[in-house]
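S.K.: Sharing a structure below in structure tokens format, with a few things to ask.
The numbers here are math on the coordinates, done by the rules we state, and not lab data. All of these numbers come straight from a predicted model, not from anything done at the bench. No Cβ is skipped: glycine too gets one built from the backbone with ideal geometry, and neighbour counts run over all protein chains shown.
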Amino acid sequence: MSESVEIIFRTFTSFILLWIFVQLLGKQTIAQRTYHLYIASITMGTIAGNLAFNIKIKFLYFIIAIIIMGTVVFMLNLLAVRNPRFGKWIAGEPATLIQKGRILEESMERMGYSLDSLKQALRGKDIFKIEEVECAILEINGSLSVLKKEQYQNAAKQDLPILPPAGSVPIELVYDGKILYDNLSTYTYNEG
């Protein structure tokens, strides 16, 4: 077999093996939700890339490496799902960075998370002042979950004191960008 044909064959084989790997391990592999999945994705990609073009190493060795790596990751996932204690060890656990409005410096240091990284992640959540944050948790996938202090939270429909009269049909208050002042008088304000 010529080298060009062998590279084409190896490339298709590496793609098919990676596709099977992702199918077996599920969509969480794509999202790289945990450390071991991140490492597995990089390793599997490297093995597959080498399989595609490195014709100096036997084809069988790459196949064995992909199968072993896939099996290890599959077993780690299975163990993490079935045993929560091992799951925390394998996948990690979320870390609280801000609690009750106070930055937990020890937790940030343990996670290797700088104040600049925290500020950047908060800006990604449209929060430009740390004082607005009640709680911030660094999730195992590296994303930041944030709860704003009550006074900085966006108002929801149920928070507004305007209520339609009982049993009435909803009335338009804005039409074509204009406020319909006549319709405003039909609403009452909730005194609660």
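S.K.: Using a Förster radius of 45 Å, what is the FRET efficiency between Arg85 and Phe15 based on their Cβ-Cβ separation? Nearest 0.05, please.
M.R.: FRET efficiency, Arg85 to Phe15: 0.75.
S.K.: Would you mind giving the three semi-axes, in whole Å and largest first, of the ellipsoid equivalent to segment 49-106 according to its Cα gyration tensor?
M.R.: 40, 17, 6
S.K.: Expressed in nm to one decimal, what extension gain is obtained for the pair Thr71 and Ile137 from 0.36 nm per residue of sequence separation less their Cα-Cα distance?
M.R.: Gain in length upon complete extension: 20.6 nm.
S.K.: Would you mind pulling out the separation of the Cα centroids of segment 38-102 and segment 111-152, in Å?
M.R.: 28 Å
S.K.: Right, next: When only alpha-carbon atoms are used, what values of Rg and Dmax, in angstrom, describe segment 101-150?
M.R.: Spelled out, the Cα radius of gyration and Dmax of segment 101-150 are 10.1, 29 Å.
S.K.: Between Lys125 and Lys178, what FRET efficiency comes out of the Förster formula 1/(1 + (r/R0)^6) with R0 = 30 Å and r the beta carbon distance, rounded to 0.05?
M.R.: Efficiency for this residue pair is about 0.30.
S.K.: Can you run phi through the Karplus equation (6.51, -1.76, 1.60; θ = phi - 60°) for segment 143-157 and list ³J(HN,Hα) in whole Hz, with x for Gly and Pro?
M.R.: Along segment 143-157, the couplings run 7, 10, 9, 10, 10, 6, 4, 3, 5, 9, 6, 5, 6, 9, 4 Hz.
S.K.: Evaluate 2.2 N^0.38 Å with N set to the residue count of segment 30-157, then give the Cα radius of gyration divided by it.
M.R.: In units of the globular-protein estimate, segment 30-157 measures up at 1.44.
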